[in-house]
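Undergrad: Sharing a structure below in structure tokens format, with a few things to ask.
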Amino acid sequence: MIQIVEKETASNVDALDVLNKQQRLMLYIITMFGIVGATGGILGFYGFQTLVFKFLLIGYNIVFIATFLFYVFGKIKVRTALAIELLYAAFETSCENIAVVDNTDVYSGFLILGNICLLLLILMACVLAYIPSNTIIVSFLAVSVFMYCVLKDKHGALTELSVFYLLMIISVSLICWHISRNLLALRTDNIDMREREVQLISTLGLNYNQLLKIAQLSNLQTRDEDDDKTSINSFLDTINAETRQRMMAALKDYLLSKQNDMNNLKKVFPMLTPSELEIAKLIVEGKTTGEICRALDKTKSNVGSQRAHIRIKLGLPPEYNLKEALMEKVQHAKL
């Protein structure tokens, strides 16, 4: 667990911070471009100057400004604000397409296809904002509105390539939905890891730097005793006197328990050397050869050789299981 905290805590915190910054940046950009674009349409710089069109653009500004202010004053989270703005942008674009295809005076096939492309851009924005629910809604709007426009198109401009555009819209929608679902799963995992990290630190009564020191101590690879002492002293300097006393008392109890276990084992197997007793103790605890090698910092050939010596001293035939034989003798000694 300590190793997991050391390796993953910093990356998890950074990932969540990056996500929040990304969502805030997207909110600022979408709000700015949305308000500027809608205002330009209201003032008549572009678009169709119909009552429905202006009504949708006025609603666009109202929703975007209100949503942004709610976020600024802390009433809603950045993800919620993004979801609202992207949904309304998709709704306004869909309504505009429906209005255009139903009105022969302002009909434009290029505008309809342009708005479909805009819906796909909104869909991609939902992916970047980590909002899979929006991805599903916008995908449904893009497909439904395009099918409606194809069915209502009296000019035939959309019919010729309708299958191609429909397949493109569905493909992009499925890809975006799959990506957003995976990104959300990663975000959830990061949040869970952060919660476990906080719980671990709270349980141990240590802060992050102290826990990191423990993780570094648990992975000491140096052969230099002075370097080991320096690392240990560095850790002890980071904790207060009370924690240091509790830790030393627990360490003393741990060493006494280990020594008692070794003394008891020595009484059962007086013929074994101290090194063989260490290996026998780990075998009884259920450790594998690889785990014994790591625990005692020995090679597999060394451990294998000492296991063979233990078998010989106990007079065990090759077909006998060493662990079971050791445990049987230990249990018999307790009786």
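Bear in mind these aren't lab numbers, they're just calculated from the coordinates by the rules spelled out. Keep in mind that what you see is a predicted model, and the values were worked out from it rather than measured. Cβ coordinates were reconstructed from backbone atoms using ideal geometry, including for glycine residues, and neighbour counts include every protein chain displayed.
Undergrad: Tell me the net charge near Leu121. Cut-off is 14 Å between Cβ atoms, Leu121 excluded, with +1 for each Lys or Arg and -1 for each Asp or Glu.
TA: Details: positive: none; negative: Glu85, Glu92.
Summing Lys and Arg as +1 and Asp and Glu as -1 gives -2.
Undergrad: Can you tell me the order of 137-150, 310-323 when each peptide is scored by its average per-residue count of other Cβ atoms within 10 angstrom, highest first? Let's see the in-between values first.
TA: Values: 137-150: 19.8, 310-323: 12.1.
So the order, starting with the most tightly packed, is 137-150, 310-323.
Undergrad: To the nearest 0.05, what FRET efficiency results for Ser133 and Asn103 with a Förster distance of 30 Å applied to their C-beta separation? Kindly include the intermediate steps, with their values, before the conclusion.
TA: Working: r = 32 Å, r/R0 = 1.07.
Rounded to the nearest 0.05, the efficiency is 0.40.
Undergrad: If you plug each phi of region 121-127 into the Karplus form 6.51 cos²θ - 1.76 cosθ + 1.60 with θ = phi - 60°, what whole-Hz ³J(HN,Hα) values come out, in order, with x for Gly and Pro?
TA: Karplus values, whole Hz, x for Gly and Pro: 5, 4, 4, 5, 5, 4, 5.
Undergrad: Give the Rg/Rh ratio for region 246-316, taking Rg as the radius of gyration of the Cα atoms and Rh as the Kirkwood radius, to two decimals. Spell out each step's value before the answer.
TA: Values: Rg = 13.4 Å, Rh = 13.0 Å.
Expressed as Rg/Rh, it is 1.03.
Undergrad: Any chance you could run the full-extension gain for Glu242 through Phe45? It's 0.36 nm times the residue separation minus the Cα-Cα distance, nm to one decimal. Each step should come with its number before you reach the end.
TA: Details: separation 197, 0.36 × 197 = 70.92 nm, distance 7.21 nm.
Difference between extended and current length: 63.7 nm.
Undergrad: Moving on. Once phi is turned into ³J(HN,Hα) by the Karplus curve 6.51 cos²θ - 1.76 cosθ + 1.60 with θ = phi - 60°, what whole-Hz value does each residue of region 320-330 show in order, with x for glycine and proline?
TA: Going residue by residue, I get 7, 7, 5, 4, 5, 5, 5, 5, 5, 5, 5 Hz, with x marking Gly and Pro.
Undergrad: Provide the net charge surrounding Glu291, with neighbours chosen by a C-beta distance below 15 Å and charges set as Lys +1, Arg +1, Asp -1, Glu -1.
TA: Values: positive: Lys281, Lys287, Arg294, Lys298, Lys300, Arg307, Lys323; negative: Glu278, Glu285, Asp297.
Around Glu291, the charge tally is +4.
Undergrad: Here is the link list: Lys267/Lys298; Lys258/Lys300; Lys77/Lys152. Which ones come out longer than 30 Å on Cα distance? Don't jump to the answer; show the numbers that get you there.
TA: Values: Lys267/Lys298 25 Å; Lys258/Lys300 24 Å; Lys77/Lys152 40 Å.
Where the Cα-Cα span goes over 30 Å, the pairs concerned are Lys77/Lys152.
Undergrad: Also, I was wondering about something else. Starting from the 7 Å offset along Cα-to-Cβ, what nm value, one decimal, do you get for the label separation of Leu296 and Ala249?
TA: According to this spin-label approximation, the distance is 3.4 nm.
Undergrad: With labels modelled as points extended 7 Å from the Cα through the Cβ direction, what inter-label distance (nm, one decimal) is found for Phe33 paired with Leu167?
TA: My value for the distance between the label points is 2.9 nm.
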